[in-house]
1. Do we have any residue at all in the range 67-74 that's of a type in the set (S, T, N, Q), closer than 23 Å to ARG17 by Cβ and not in a helix (DSSP H, G or I)?
2. Could you look through the range 17-40, keep only residues that are loosely packed, with under 10 Cβ neighbours inside 10 Å and at pLDDT below 70, and pick out the one that is nearest to HIS69 (Cα to Cα)?
3. Can you spot a residue in the range 77-91 that is of a type in the set (Asp, Glu) and either in contact (Cβ under 8 Å) with a residue 40 or more places away in the chain or exposed (fewer than 13 other Cβ atoms within 10 Å of the Cβ) (or both)?
4. Given (1) more than 13 Å from the chain's Cα centre (by Cα); (2) surrounded by fewer than 14 Cβ atoms within 10 Å (Cβ to Cβ); (3) polar (S, T, N, Q), identify the lone condition not met by THR94.
Amino acid sequence: MFYQKLLFLLRLNQLLRILLFTAQEVKEGQQLKYFILKNNLDTRTKQTNAYLESELQHYQKHLLNTIIHRSEVINQARITNEPIQVFAPKSKSTKEYQELNKEIIRLVK
């Protein structure tokens, strides 16, 4: 179990480094408006979340306020090939995606 968590954190670190490197390249090369979404967030993984927060500290103005949490209902919707809004219209996940839509619309206007 320890090695699985360690491997997960190493992969997460690699992916985060790629994301931040790409964001830096875009930042230096062009004036593009970009946003970072915290997606598939598991509130039980305190150390991982703390690490993410520290790594994203320099990108606060690009972070979206909406957070999409990890949820089994999202997995079930994917399995059935249905949008989350159809599969579970009253779920917390559906509400999070609705908030994300509203936030993006406000930002791109």
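1. no
2. Narrowing the range 17-40 to residues loosely packed, with under 10 Cβ neighbours inside 10 Å: 28-33.
In the following step, the residues that additionally are at pLDDT below 70 were identified as 28-32.
Numbers: GLU28: 31, GLY29: 32, GLN30: 31, GLN31: 30, LEU32: 27 Å.
Residue satisfying both the conditions and the ranking: LEU32.
3. Yes: the range 77-91 contains one or more residues that are of a type in the set (Asp, Glu) and either in contact (Cβ under 8 Å) with a residue 40 or more places away in the chain or exposed (fewer than 13 other Cβ atoms within 10 Å of the Cβ) (or both).
4. Failed condition: (2).
The values are calculated or read from the model by the stated rules, or taken from the named source; none is laboratory data. Please read these numbers as outputs of a predicted model, since none were measured by experiment. So basically every Cβ, Gly included, is an ideal-geometry build from the backbone, and we count neighbours across all protein chains shown.
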